[in-house]
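I have placed the structure first, in the form of structure tokens, so that the comments after it can refer back to it.
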Amino acid sequence: MPALDERQIARWIRAVAADYGFTVGNISYIFCSDERELEVNREFLGHDYYTDVITFDYSTASTLSGDIFISLDTVRSNAEQVGEPYEKELRRIIIHGVLHLTGQGDKTPETKAEMTRKEERALAMF
């Protein structure tokens, strides 16, 4: 389990959500291994590949809610690959899931670039 200041993270998530016009309802983070993330990806999304985050959105028009599965194995390897501290990469993936709840996609090169810009903006708010 990563060492997180839950209150600080919660305040940050609320601030980012508010920046997009949302309040925060119930957001659950499930920290897991690559293998568990792959099982979830296969079972619920029909995808047969590893990923760092899977977001299940239960939001309403103005309140963000959802389950966010985060592979700590992939977060750690991503941090090593990009030369970032593990904690910063973990925050990036946490907020990535929140941004999905706000409606941000990342399936095309354009939306991926926009997601990255929004992640950077959110990380600056931390």
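A short reminder: the numbers here are calculations on the coordinates, not readings from a lab. The model shown is predicted, which means the values in this text are computed figures rather than measured ones. Virtual Cβ from ideal backbone geometry, glycine too; neighbours counted across all protein chains shown.
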Looking at the square roots a ≥ b ≥ c of the eigenvalues of the Cα gyration tensor of the chain, which shape do they give, rounded for a/c under 1.5, prolate if a/b is larger than b/c, or oblate? rounded
Residue 29's amide H: which non-local residues (gap 5+, or another chain) put their own amide H closer than 5 Å, with H modeled 1.01 Å from N in plane and none for Pro or chain starts? 68
Under 13 Å from the Cα of residue 118, which aspartates and glutamates turn up, not counting those fewer than eight places away in the same chain? 19, 106, 110
Segments 7-15, 68-76, 107-115, 30-38 sorted - mean Cβ within 10 Å per residue, highest first: 68-76, 30-38, 7-15, 107-115
Each residue of region 109-121 in turn: what ³J(HN,Hα) in whole Hz from Karplus with 6.51, -1.76, 1.60 and θ = phi - 60°, glycine and Pro shown as x? x, 5, 6, 5, 5, 5, 4, 4, 4, 5, 4, 4, 4
Looking only at aspartates and glutamates whose Cα falls under 16 Å of residue 112's and that sit 8 or more positions away or on another chain, we get 52, 120
Report, by chain and number, residues whose modeled amide H sits under 5 Å from the one on residue 58, excluding near sequence neighbours (fewer than 5 apart, same chain). 65, 66, 67
Dipole magnitude of the chain about its Cα centre (Cβ charges: Lys, Arg +1; Asp, Glu -1), debye to nearest 20: 540
Here the percent of antiparallel bridges among DSSP beta bridges lying wholly in the chain, to the nearest 5, is 40
